[in-house]
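Asker: The following block contains the structure, expressed as structure tokens.
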Amino acid sequence: MENLQVSTVSGKRRLKNSIKAFFTEPANIILAISVVVLGFFTIYPMVLLISDTARVHIAEIMFKELRGLKVGQFTFFHWFRMLFSDMSGVYFWNPLKNAVLMSLLSSLIAIAYGGVVAFLITRTDMNCKKFISSVFIFPYIMPSWTLASFWKNFFQNPEIGSGTGGFLFNLFGWKVSEGFVYGLVPCAIVLGLHYAPFAYILIGGILRNMDANLEEAATVLKASRMKIIRRITLPIVLPALLSTFLLVFSSSMSAYAVPQFLGGSSGFTVLTTTMKQFINSGWYGQGYIMAIFMILFGLIILGLNQYATGKRKSFTTVTGKSGQISYIKMGVWKHIAAGIIIALCLFCSVLPLVTFALESLCVIPGDYSTLTLEFWISKTATSSGNGIRGLFYEPQVWTAFKNSLLLSATCAVTAGTMGILIGYSVAKKRGTFLAKAADNLAFLPYLMPSMAMGAAFLAIGGPLGLSKTFFLLALVGGIKYLPFASRSGINAMLQLSGEIEEAALIVNVPWWKRMVRVIFPIQRSTFISGYLLPFTSCMRELSLFTLLASGSTVLLTTLLEDWQAWWTQSANALNLLIIITVLAVNFLVNKLTGASIDKGVGG
Amino acid sequence: MKKLLCMLLVLSMALLAFTACGGDNGKDATIYEKAQEMTWDELFELAKAETGDFNAYGNTSRIKDAMTAFVAKYGAELGLSDSNAVGTKMSDSEIYTTIESEYQSAGNSKGASMVMIQDGATLLTYINGTEYFANYVPKAYADKLDKSAVTPLVQQYINKLIMWNNVGSDSAVITNVWQLTEASMKGKVYFKSPKNEQVNMNFLIMCTSKEWSDKLADAYKAYFGKNIELGTYKNAGYKWVAEFLNNANFSINSDTTIAGDLSKPENTGKAGLFVLSKLRDKSVVSDNLTVAAFADGVAPFSGFMYPMYCQIAQKGPRPYTAMLFIEYLMTEEGFQPWGKSIGAYSSNPALAALEGDQPLSFWMEKLVFEDPQYIMDNKAEITDFVNKIIG
């Protein structure tokens, strides 16, 4: 009896002690909180989404097969129609095939283009690094349809599409084939260019911090160039390559504006464009099946990523020891490479900006004899007859501007800080269940198509009393952009050798001070990019907020969506305002902190 | 670990059930019937007693201006200002999703009290299957409106017309819609893809109705001089839709850009089907465009007309203010935000057409009008038919 009591007490105490020990570690607390909070906000919308694919919605009663059923009733009709009916090819298999092909191609383009530029900037003595580094990220700052629209205006010729001449035709009389302007190829190229900065930031971040001693040691040991790349460089860059692939593939799978813009006349449809069509008709069941497949694809890649990163040993590249970078000498190629990259950057970064600026100055788009400043500075309604004043004097613009800035800043701070904390905890507790769960849950929002996520948050907003509030926008934005921050946080922390924090731990430095004084400063540039990416993405996000922002919470992009369909010039001016704002913030942050989106790479 | 996942799932399911239950139902339906018999002044007294915000969502950006004018005139007495009375542009599907969430939320002091909806067929399914909306016809207009404009209440109509580029030629590019299906017009007819524009889809659906397929069959005979051979098509409407879509050019996704591009001199001989109001846009060289209906017309139709419906949101905080606002929108002053440009026509027959435009009665003869009931019954089937053709 006595023995039993002793063992019970010690059992309880053991449990108490182990719980206490567990929670004395900040990393565990962070992980536990993250898993609960993120679990709720990511799994719950998914449950909603899945249950919606097997229920009858009001507008679906239009289908003869569903007539007589009640709203909310269980049905397999949507799944049958999408996967097995005679329309499944048109609505599902064909868009799925197109979406996968487009995403694969755009991932390859982004990795190849961004990766090469990152390598040239971090590892070689190429010219004009600073300029390239700052201009290269422009396409990511611009809403993706901007580049799509520019692509169309540039390559369009009278024999295809809208029947008008683009720049290339007007200047040189050159005609490209229709497949280069509309359909799979241009969609993949434009998305690849748009997301190349991802590859540049992620791959460049690793390359920059990589200690060249590793490669030099291999050279001393007479390893061949190929062997060095295969056994040293690639394994170190691999997590970043996989992360990039994961990010670009998932983004492209849920890209809507580009295929919508360039799919056009050729009937090129992808999952998102078809999904939007279903959602617009209120046929949610069928629309959400596509969303589920988009998520599934993301999960598969996430699994692959997990498998690959789980298998490898840890590579810490930032240690307490000295590190140095020796640049590869390119000789005459340093001018040629710089020239080619600058030309490409100008084409997809600067030229679109110039054309947008010019278009916002024309009464008749493309007719430069009708120049006017009214779309910018008119104090009364412009001559378009739409009641909108010049951009600077339009009250809607300023309300939206204030909201967008505030929202982007809030999302950036929330996502960025959570990202660092999760990155820290995941790296500390690598391999544990909680770390894996937090890592994956922090990434899940990325796989949720923005539009579906917006709808899910609208649905949970009602019961929580958050409908139409700024808080709901900030919540959905903070969670949606967490993956950027957590990825860069985890990448940065994995590089960091444990000995650095341990040194501070030995002299009893408290946790928060270790974070603020030791860890953050070392990986500052990567962490700050974890703040800037959400900010940038949020500034130009549309589909996520389109259902949630209205009236007093109108944003620049939702206003732009409204204007775009009808008032091209005012929309062009507004678009330019968005881009300039992001650039200005980027510049300010750069001046104040020395970091910027591209700074993760250096130059 | 499994427990944790299970707990999360249970939590999610519980919340799901919570949202599915929703709040209480809409208001007592009789208040709308009673209100139908009330005068403006009686409603005004009731509206004064209302509290909460007055929000209106509409699939038209000019709802903002209409609301601003309404607030400027009556705001002081009704306790409304620019901060608590807002008109917001939303697409139909955004309106439904938002109203659904507002309807289910317990307190709805910031929700919409009225909406303006474009797609009648979907609206009918909501009217039949939910209590989100209530129809209200102001007493002063009950006898004046056309029967087809009463349930659901049509506030205005907007037309999309066949137009062509007339540069270098005075003769009509087409006089019969079957010409749009000929090989010579391949890729030369601009039409915003029905995938992205529901009203365009509705027009195609209407073409398959008995009335319009008969007229299309007659027009076929008039143009080709022989009876139509249907082959596998159900009727002449299906055949025309299929052949029209094969020729249509969907590469432009905005009616403004369609109008602008079509009016460029190099596009002579090409045609388009888009909103008339674009002719007044400075970015369009309107002299280069001929409106078929204003020339000799096209057999059997010169374009189509779609309505904009007004409904009261049953769960909205200010139903009586919403009724006043709807009545205000039927007046000349309330219609001004739309009525100042061509191509929009109030359902109130007392309002005259703008100079250079024609009244509603003129268009009734020449255009395909929407029948929401027919569209609702056939939308699923014909949407499939259209998508099979355009991919």
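The values are calculated or read from the model by the stated rules, or taken from the named source; none is laboratory data. Model, not experiment: these values are computed from the prediction. In this analysis, Cβ positions are derived from the backbone assuming ideal geometry, glycine residues included, and neighbour counts consider all displayed protein chains.
Asker: List the number of the failed condition for B:Asp119; all other conditions in (1) among the acidic types (Asp, Glu); (2) at pLDDT 90 or above; (3) more than 16 Å from the chain's Cα centre (by Cα) hold.
Answerer: The one condition B:Asp119 does not meet is (3).
Asker: Answer yes or no: is there a residue in segment B:214-223 that is without any contact (Cβ under 8 Å) to a residue 40 or more places away in the chain, more than 26 Å from the chain's Cα centre (by Cα), part of a helix (DSSP H, G or I) and in the same structural domain as B:Pro194 (by TED's automatic domain parsing).
Answerer: yes
Asker: Residues being within 12 Å of chain B (Cβ to nearest Cβ), in a helix (DSSP H, G or I) and closer than 21 Å to A:Phe356 by Cβ: count how many of those fall in segment A:152-182.
Answerer: 4
Asker: Could you tell me whether segment A:406-429 includes any residue that is modelled with pLDDT under 85, assigned to a loop (DSSP other than H, G, I, E, B) and not assigned by TED's automatic domain parsing to the domain that holds A:Phe278?
Answerer: Checking segment A:406-429: at least one residue is modelled with pLDDT under 85, assigned to a loop (DSSP other than H, G, I, E, B) and not assigned by TED's automatic domain parsing to the domain that holds A:Phe278.
Asker: In segment A:46-65, which residues are surrounded by 16 or more Cβ atoms within 10 Å (Cβ to Cβ), in a helix (DSSP H, G or I) and within 9 Å of chain B (Cβ to nearest Cβ)?
Answerer: A:Met46, A:Val47, A:Leu48, A:Ser51, A:Ile58, A:Ala59, A:Glu60, A:Ile61, A:Met62
Asker: Ok, one more. Of the conditions (1) farther than 23 Å from B:Phe244 by Cα; (2) out of contact with any Phe, Trp or Tyr (no Cβ under 7 Å at 6 or more places or on another chain), B:Ser346 satisfies every one except a single condition; which number is it?
Answerer: Just one mismatch for B:Ser346, condition (2).
Asker: In this structure, is B:Asp377 under 21 Å from B:Asp214 (Cβ atoms) and more than 14 Å from chain A (Cβ to nearest Cβ)?
Answerer: No.
Asker: Please work out which residue is nearest to the other protein chains (Cβ to nearest Cβ), limiting yourself to segment B:116-131 and to residues that are assigned to a loop (DSSP other than H, G, I, E, B) and surrounded by fewer than 23 Cβ atoms within 10 Å (Cβ to Cβ).
Answerer: B:Thr130
Asker: Now for a different question. Please count how many residues of segment A:213-228 are of a type in the set (Lys, Arg) and assigned to a helix (DSSP H, G or I).
Answerer: 2
The rows are residues; the columns are (1) surrounded by fewer than 23 Cβ atoms within 10 Å (Cβ to Cβ); (2) in the same structural domain as A:Ala99 (by TED's automatic domain parsing); (3) over 16 Å from A:Met451 (Cβ atoms).
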{"site": "A:Ala223", "(1), (2), (3)": "yes, yes, yes"}
{"site": "A:Met226", "(1), (2), (3)": "yes, yes, yes"}
{"site": "A:Ile229", "(1), (2), (3)": "yes, yes, yes"}
{"site": "A:Ile236", "(1), (2), (3)": "yes, yes, yes"}
{"site": "A:Pro239", "(1), (2), (3)": "yes, yes, yes"}
{"site": "A:Met253", "(1), (2), (3)": "no, yes, no"}
{"site": "A:Pro259", "(1), (2), (3)": "no, yes, no"}
{"site": "A:Lys276", "(1), (2), (3)": "yes, yes, no"}
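Asker: Considering segment B:333-391 alone, what residues qualify as being under 20 Å from the mean Cα position of the chain (by Cα), assigned to a helix (DSSP H, G or I) and charged (D, E, K, R)?
Answerer: B:Glu365, B:Lys366, B:Asp377, B:Lys379
Asker: Please state which one of A:Ala503, A:Ala435, A:Ala492 is among the hydrophobic types (A, V, I, L, M, F, W, C), within 14 Å of chain B (Cβ to nearest Cβ) and not in a loop (DSSP other than H, G, I, E, B).
Answerer: Sole residue among the options that is among the hydrophobic types (A, V, I, L, M, F, W, C), within 14 Å of chain B (Cβ to nearest Cβ) and not in a loop (DSSP other than H, G, I, E, B): A:Ala435.
Asker: Among the residues of segment A:313-333, is there at least one that is in a helix (DSSP H, G or I) and at pLDDT 85 or above?
Answerer: yes
Asker: Determine which member of the set B:Phe301, B:Phe274 is closer than 28 Å to B:Asn247 by Cβ, modelled with pLDDT of 90 or more and within 14 Å of chain A (Cβ to nearest Cβ).
Answerer: The unique qualifying residue is B:Phe274.
Asker: Still on this structure, please answer the following. Do you know which of the residues in segment B:178-199 that are within 14 Å of chain A (Cβ to nearest Cβ) and without any contact (Cβ under 8 Å) to a residue 60 or more places away in the chain is surrounded by the fewest Cβ atoms within 10 Å (Cβ to Cβ)?
Answerer: B:Asn196
Asker: Please name all residue pairs, on different chains or six or more residues apart, with Cβ atoms under 8 Å, provided the first residue is in segment B:264-286 and is closer than 28 Å to A:Glu374 by Cα and the second residue is hydroxyl-bearing (Ser, Thr, Tyr) and modelled with pLDDT of 90 or more.
Answerer: Close Cβ pairs (under 8 Å, with a partner that is hydroxyl-bearing (Ser, Thr, Tyr) and modelled with pLDDT of 90 or more) amount to B:Phe274/B:Tyr190; B:Val284/B:Ser263; B:Val285/B:Ser263; B:Ser286/B:Ser263.
Asker: Sticking with this structure for a sec: One residue is enough: does segment B:349-367 have a residue meeting the conditions touching a Gly at 6+ places or on another chain (Cβ under 9 Å), more than 14 Å from chain A (Cβ to nearest Cβ), at pLDDT 95 or above and crowded, with 20+ Cβ neighbours inside 10 Å?
Answerer: yes
Asker: Can you find even one residue in segment B:228-248 that is touching a Phe, Trp or Tyr at 6+ places or on another chain (Cβ under 6 Å), of a type outside the set (Gly, Ala, Ser) and in contact (Cβ under 8 Å) with a residue 24 or more places away in the chain?
Answerer: Among the residues of segment B:228-248, not one is touching a Phe, Trp or Tyr at 6+ places or on another chain (Cβ under 6 Å), of a type outside the set (Gly, Ala, Ser) and in contact (Cβ under 8 Å) with a residue 24 or more places away in the chain, which makes the answer no.
Asker: Here's a follow-up. Quick check, is B:Phe250 under 30 Å from A:Asn153 (Cβ atoms) and away from every other protein chain (no Cβ under 11 Å)?
Answerer: Against the criterion (under 30 Å from A:Asn153 (Cβ atoms) and away from every other protein chain (no Cβ under 11 Å)), B:Phe250 does not qualify.
Asker: Output the residue which, of all residues in segment B:254-263 that are facing chain A (nearest Cβ under 7 Å) and within 22 Å of the chain's Cα centre (by Cα), is nearest to B:Pro194 (Cα to Cα).
Answerer: B:Ser254
Asker: Applying the selection to segment B:79-115, what residues are assigned to a helix (DSSP H, G or I), more than 8 Å from every other protein chain (Cβ to nearest Cβ) and surrounded by fewer than 22 Cβ atoms within 10 Å (Cβ to Cβ)?
Answerer: Within segment B:79-115, B:Glu100 is the sole residue that qualifies.
Every residue, every condition in (1) surrounded by 23 or more Cβ atoms within 10 Å (Cβ to Cβ); (2) modelled with pLDDT under 80; (3) within 23 Å of A:Ile206 (Cα to Cα), yes or no:
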| residue | (1), (2), (3) |
| --- | --- |
| A:Val509 | no, no, no |
| A:Trp512 | no, no, no |
| A:Val516 | no, no, yes |
| A:Phe527 | yes, yes, yes |
| A:Thr536 | yes, no, yes |
| A:Met539 | yes, no, no |
| A:Ser543 | no, yes, no |
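Asker: For the subset of segment B:56-67 comprising residues that are within 10 Å of another protein chain (Cβ to nearest Cβ) and assigned to a helix (DSSP H, G or I), which member is surrounded by the fewest Cβ atoms within 10 Å (Cβ to Cβ)?
Answerer: Per the stated criteria, the residue is B:Asp65.
Asker: Output the number of residues of segment B:44-55 satisfying the condition of being more than 14 Å from every other protein chain (Cβ to nearest Cβ) and surrounded by fewer than 21 Cβ atoms within 10 Å (Cβ to Cβ).
Answerer: Count: 7.
Asker: Scan B:Tyr233, B:Tyr238 and give me the residue that is in a loop (DSSP other than H, G, I, E, B), surrounded by fewer than 22 Cβ atoms within 10 Å (Cβ to Cβ) and modelled with pLDDT of 95 or more.
Answerer: Going through B:Tyr233, B:Tyr238 in turn, just one is in a loop (DSSP other than H, G, I, E, B), surrounded by fewer than 22 Cβ atoms within 10 Å (Cβ to Cβ) and modelled with pLDDT of 95 or more: B:Tyr233.
Asker: Can A:Asn572 be described as within 28 Å of A:Gly454 (Cβ to Cβ) and either at pLDDT 85 or above or not hydrophobic (A, V, I, L, M, F, W, C) (or both)?
Answerer: Criteria met by A:Asn572.
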